[in-house]
Amino acid sequence: MLRLVSLKLGRLYRYAKLAVLGSLAAALVLNTHSLLASLQRNELSERRFLQLNKCPACWGTSWCRKFLNGQLRLESWGRLRLLDFLNVKNVFFARYGEPREGSRRVVLKRLGSAQELADIDAKICRRATGRGRCDLLQALHATEFASLNGDVRLLTPDAVEGWSDLVHCPSQRLLDRLVRRYAETKDSGSFLLRNLKDAERMQLLITLAFNPEPLVLQSFPSDEGWPFAKYLGACGRMVAVNYVGEELWSYFNAPWEKRVDLAWQLMEIAEQLTNNDFEFALYLLDVSFDNFAVGPRDGKVIIVDAENVLVADKRLIRQNKPENWDVWYESKFDDCDKEACLSFSKEILCARVTVDHNYYAVCQNLLSRHATWRGTSGGLLHDPPAHVAKEGRLEALLDECANPKKRYGRFQAAKELREYLAQLSNNVR
């Protein structure tokens, strides 16, 4: 009986799949003329496609000249709007050309799905008028995004605390850094909020509230050694970042030596974000195989999705000394049946100086046998060579890093794991 049911379900799945493919083929045939037209025109030079009309309720305008002058073009199938239903995250690949430098690949992000972007408009309208629909630009001036305009000197923690993960517990030092490094203004370099134009201030605040990823990339730039994709610019609700390479999941079955090197780099990233000379702890709240990419030439691992990053200022924690501030915090292992599960308390991340969250996130969700992704299991370091498996040290370190049995065991396991992976990949540095 069960076999009969499974066979019927299998047939239904195949029929449904054929029906979808058939519908898509029919749509392609019926819309041949419009498809050819969409392949010929450059939508990235169209103000409506960029949603430039939404500004200053947008991400910025620093790259508008490049977009509107036709220096960016969507790649191949990215030009077909009929396939947008497959592109839920609104991420596009494009070619960017400079007259003297030739063209290079870039990644364009709307920083949200179509529904999420519509929700932004609705939230702005509700905050201003109490209704879900309104004149967006007029309503914007009746919100807190406009109230910080005028003669306000500094962006202060009490004004934006809790708006997003980035500023869940902001310090003045962090906010000064965000304003000083804001790339969507000609006056970058000043930490004074009043030095920005009204539109620039609103763009900064809206980005901070709805998707602070561009601000993470700007404030902790790759040019200074931070492991994030390079921010290039924005136009309307389209942000451009450099193309890094294939996502980490495509290396799941790469040769063992390659996977060991990638694993070592991931642990180094966890260490850098946790302990650095700037005394900012950047905690990754969303860690999965599609949030990282690997450079094809240098093999370097880079974070390509930085929306959910919480920044805690260790200097401020030491200064304020909240309860148990100097007690080491151990993240709790989360043995869930879903992909990329993490268990954490934002309040504790904001109140402790010594935290193992990043080691925990990388070990549990990427490296250890507990990691699952798109039907795969066993983590990036699955199926080690016989001599490594026989020794047992790697498995023991991964298990202790993901689900420690000893108090503070993860801290020691993470340190030893970094050293052991370096030895395995001949990357002793």
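For segment 101-171, give me every one of the helices (runs of 4 or more DSSP H) that falls completely inside it and has 1 or more residues that are in contact with a Gly (Cβ under 6 Å, 6 or more places away or on another chain).
The helices (runs of 4 or more DSSP H) meeting that bar are 114-129.
I'm trying to understand the selection: among the residues of segment 296-310, which are more than 16 Å from Glu268 (Cα to Cα), open to solvent by less than 20 Å² (accessible area, probe 1.4 Å) and not in a strand (DSSP E or B)?
Across segment 296-310, the qualifying residue is only Ala306.
What do you reckon, is Gly392 open to solvent by less than 30 Å² (accessible area, probe 1.4 Å), over 26 Å from the mean Cα position of the chain (by Cα) and without any contact (Cβ under 8 Å) to a residue 12 or more places away in the chain?
yes
Quick check on segment 373-381. Is at least one of its residues at pLDDT 95 or above, open to solvent by less than 20 Å² (accessible area, probe 1.4 Å) and more than 19 Å from Gly409 (Cβ to Cβ)?
Yes, some residue in segment 373-381 is at pLDDT 95 or above, open to solvent by less than 20 Å² (accessible area, probe 1.4 Å) and more than 19 Å from Gly409 (Cβ to Cβ).
Considering each of Val287, Val244 in turn, give the residue that is in a loop (DSSP other than H, G, I, E, B), within 19 Å of the chain's Cα centre (by Cα) and surrounded by fewer than 23 Cβ atoms within 10 Å (Cβ to Cβ).
Unique residue meeting the criteria: Val244.
Is it the case that some residue within segment 371-380 is under 25 Å from the mean Cα position of the chain (by Cα) and aliphatic (A, V, I, L, M)?
Checked segment 371-380: at least one residue is under 25 Å from the mean Cα position of the chain (by Cα) and aliphatic (A, V, I, L, M).
Tell me which residues, restricted to segment 172-187, are over 23 Å from the mean Cα position of the chain (by Cα) and outside any helix (DSSP H, G or I).
Lys186, Asp187
Output yes when any residue across segment 135-154 is modelled with pLDDT of 95 or more, of a type in the set (A, V, I, L, M) and buried (at least 18 other Cβ atoms within 10 Å of the Cβ), and no when none is.
Within segment 135-154, none of the residues are modelled with pLDDT of 95 or more, of a type in the set (A, V, I, L, M) and buried (at least 18 other Cβ atoms within 10 Å of the Cβ).
Mind checking which helices (runs of 4 or more DSSP H) fall wholly inside segment 311-429 and carry at least 2 residues that are touching a Gly at 6+ places or on another chain (Cβ under 9 Å) and either among the small types (Gly, Ala, Ser) or over 19 Å from Phe280 (Cα atoms) (or both)?
Correct list: 393-402.
So, in segment 188-205, of the ones that are touching a helix residue (DSSP H, G or I) at 6+ places or on another chain (Cβ under 8 Å) and closer than 17 Å to Trp63 by Cβ, which residue ends up surrounded by the most Cβ atoms within 10 Å (Cβ to Cβ)?
Out of the qualifying residues, it is Leu204.
Count, please, the residues in segment 72-97 that happen to be modelled with pLDDT under 80 and either open to solvent by less than 50 Å² (accessible area, probe 1.4 Å) or touching a Gly at 6+ places or on another chain (Cβ under 6 Å) (or both).
4
The values are calculated or read from the model by the stated rules, or taken from the named source; none is laboratory data. Since the model is a prediction, treat every value here as computed from it, not as a measurement. Glycine also receives a Cβ, built like all others from the backbone with ideal geometry; neighbour counts cover every protein chain displayed. Heavy atoms of the whole protein, side chains included, go into the accessibility calculation; ligands, DNA and RNA do not. Shrake-Rupley method; radii C 1.70, N 1.55, O 1.52, S 1.80 Å.
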